[in-house]
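A short write-up of the structure that comes next.
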Number of protein chains: 2
Amino acid sequence: MKILLKIAYVGTAYCGYQVQPNGVTVQERLNEATRAVFGVDCDVVGCSRTDSGVHARAFCATIAEKGKPYLQTTVPVARVPRALNVHLPDDIAVLDACLVPDDFHARYGVRAKEYEYVIYNAPERDPFLVGRAWHIPKPFTDEDVAAMNVAAAAFVGEHDFSALRDGDDGKSPVRHIYSASVVRQGERVLFRVAANGFLYHMVRVMTGTLAEVGRGKIPPEEIAVRLAACDRSLFGATAPAQGLYLDRVFYPEKYFE
Amino acid sequence: MKILLKIAYVGTAYCGYQVQPNGVTVQERLNEATRAVFGVDCDVVGCSRTDSGVHARAFCATIAEKGKPYLQTTVPVARVPRALNVHLPDDIAVLDACLVPDDFHARYGVRAKEYEYVIYNAPERDPFLVGRAWHIPKPFTDEDVAAMNVAAAAFVGEHDFSALRDGDDGKSPVRHIYSASVVRQGERVLFRVAANGFLYHMVRVMTGTLAEVGRGKIPPEEIAVRLAACDRSLFGATAPAQGLYLDRVFYPEKYFE
């Protein structure tokens, strides 16, 4: 068995999830904490890379002994969150842990992921949301938010999303969006989107595009047409990383029976 | 006329509001920003001292030219928030500004203040609330929260609160609590309290006491009796500063007609 962790982190201080040479990552911190708790080097496999500065409310990652498909330990799984949290910095926390079979893969096994993008829409900044939302001072009216929601609905379904990614990593640009909506909650405007997978910067390009719709620069009924044109330049600028939260990750139920 | 500011700040980096020799304070930052915007040294008078690490969602402060009861400026009052925010660090923001008469006093004119104390009540820490809530891992049941709410109700009214302050600064210990309640919102347990004024650490001692009630250490019906005994040792430990938010400040309406 492997251990599957549910993790929350404030991404501000990290160069994303995955270990890389140019800065501190969340995975590095997990590598250190798992070594401290289990006494062996571990493979910590995450459900996703996340960009530098992006946050997670329920990131999933598995722990196995390095080079093996399982972890042998005397630590009861219920005690794993507390044990790891002692060795993790304050801006990362393991919320939950459970056992999964050796063949469970935290990344390739993902069936769907849900993100939330937080726009803070008030004239002056909220000090509590600095680094945790995209501040758009000019107020969106109820009609603007309704238009953004219509535009979001146009993303739903299976489409070629070439026009909504930055760069081309050679992977298939076809993704299936299960749900996408925009709602106002007080001074926050929230964009929630779930899909079987996302291309590079895809949620952030979607958000930048929705902001353009809210500002009246792109008519919402244009989204479907422009999507079909597969042309990045027809969409909005990439929204900043700081407003993005990985919210939920879905795996096949069979692993949790 | 003076300018009355509504300010929000994350208190983590500050030794409270008021200028003092041993560390950076919010008032110091406001002194610097007002000097930069208005070109003169200003008296920035706050509605309250706040403890080191305490936050504010709507702190009030007036600006007048140093030694004078008014400020002369060509900056339109509607532009003051933006102008000051450019010169303030990210963890302080002016949300609003209006004009008030020369005789308005931000501190002595306060009729009531409302605080919120945020307890984060979940087994593992929430990285997004580190420094912004008091983490109590052991879950309070609905009955525990109900008992805390009964205890909070016992604070309401005009009482001698000697037993609910740390130290004795010689001031009258009589205060009038207008409202006090405890509610659960998901994994947060919120204590809200409004009064005509608060003694040193009073909200934090109240919160520490409510936590003891929630843990079954103090029966809620004991609060009134213990309060009458004027004995600090009969109440709970002082809750940490990081969970406390100054939420609202009330002045006589005549100033805003």
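The values are calculated or read from the model by the stated rules, or taken from the named source; none is laboratory data. Just so it is clear, the model here is predicted, and its values are computed rather than measured. Glycine also receives a Cβ, built like all others from the backbone with ideal geometry; neighbour counts cover every protein chain displayed.
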Practice task
Answer yes or no: is there a residue in region A:111-124 that is within 18 Å of the chain's Cα centre (by Cα), at the interface with another protein chain (Cβ under 10 Å from one of its Cβ atoms) and under 29 Å from A:Ala195 (Cα atoms).
Solution key: no
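Here's the yes/no breakdown for (1) of a type outside the set (A, V, I, L, M); (2) buried (at least 17 other Cβ atoms within 10 Å of the Cβ); (3) not in a loop (DSSP other than H, G, I, E, B):
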{"residue": "A:Asp90", "(1), (2), (3)": "yes, no, no"}
{"residue": "A:Leu95", "(1), (2), (3)": "no, yes, yes"}
{"residue": "A:Arg107", "(1), (2), (3)": "yes, no, no"}
{"residue": "A:Tyr115", "(1), (2), (3)": "yes, yes, yes"}
Practice task
Please work out if B:Pro69 is over 23 Å from B:Thr25 (Cβ atoms) and within 14 Å of chain A (Cβ to nearest Cβ).
Solution key: no
Completion exercise
Expected single match for within 24 Å of A:Ile136 (Cβ to Cβ), touching a residue at least 12 places away in the same chain (Cβ under 8 Å), within 14 Å of chain A (Cβ to nearest Cβ) and more than 16 Å from the chain's Cα centre (by Cα) among B:Val80, B:Val10 is B:Val80
Exercise for the section: Can you confirm whether region B:213-226 contains a residue that is surrounded by 16 or more Cβ atoms within 10 Å (Cβ to Cβ), in contact with a Pro (Cβ under 6 Å, 6 or more places away or on another chain) and under 27 Å from B:Glu124 (Cα atoms)? Expected result: yes
Fill in the blank from the handout: Restricted to region A:59-88 and to residues being in contact with a Leu (Cβ under 7 Å, 6 or more places away or on another chain) and either among the aliphatic types (A, V, I, L, M) or more than 18 Å from A:Phe256 (Cα to Cα) (or both), the residue surrounded by the fewest Cβ atoms within 10 Å (Cβ to Cβ) is A:Val77
Practice task
Output the residue which, of all residues in region B:141-167 that are surrounded by 17 or more Cβ atoms within 10 Å (Cβ to Cβ) and over 23 Å from the mean Cα position of the chain (by Cα), is farthest from B:Arg215 (Cα to Cα).
Solution key: B:Ala147
Exercise for the section: State yes or no: is A:Val94 touching a residue at least 12 places away in the same chain (Cβ under 8 Å), within 14 Å of another protein chain (Cβ to nearest Cβ) and within 20 Å of the chain's Cα centre (by Cα)? Expected result: yes
Exercise for the section: Among residues belonging to region B:231-252 that are more than 21 Å from B:Arg57 (Cβ to Cβ), hydrophobic (A, V, I, L, M, F, W, C) and part of a loop (DSSP other than H, G, I, E, B), point out the one that is farthest from the chain's Cα centre (by Cα). Expected result: B:Phe235
Completion exercise
The residue from A:Glu116, A:Glu124 that alone is closer than 23 Å to B:Phe59 by Cα and not small (Gly, Ala, Ser) is A:Glu124
Problem - Among (1) within 14 Å of chain A (Cβ to nearest Cβ); (2) crowded, with 18+ Cβ neighbours inside 10 Å - the single one B:Gly131 does not satisfy - result: (2)
Practice task
Would you mind stating whether A:Leu210 is closer than 21 Å to A:Ala56 by Cβ, modelled with pLDDT of 95 or more and surrounded by 14 or more Cβ atoms within 10 Å (Cβ to Cβ)?
Solution key: no
Completion exercise
Inside region A:20-36, the number of residues satisfying the requirement of being surrounded by fewer than 18 Cβ atoms within 10 Å (Cβ to Cβ) and either β-branched (Val, Ile, Thr) or within 13 Å of the chain's Cα centre (by Cα) (or both) is 1
Practice task
Taking the residues in region B:38-50 that are crowded, with 19+ Cβ neighbours inside 10 Å and not in a strand (DSSP E or B) as candidates, determine which candidate is farthest from the chain's Cα centre (by Cα).
Solution key: B:Phe38
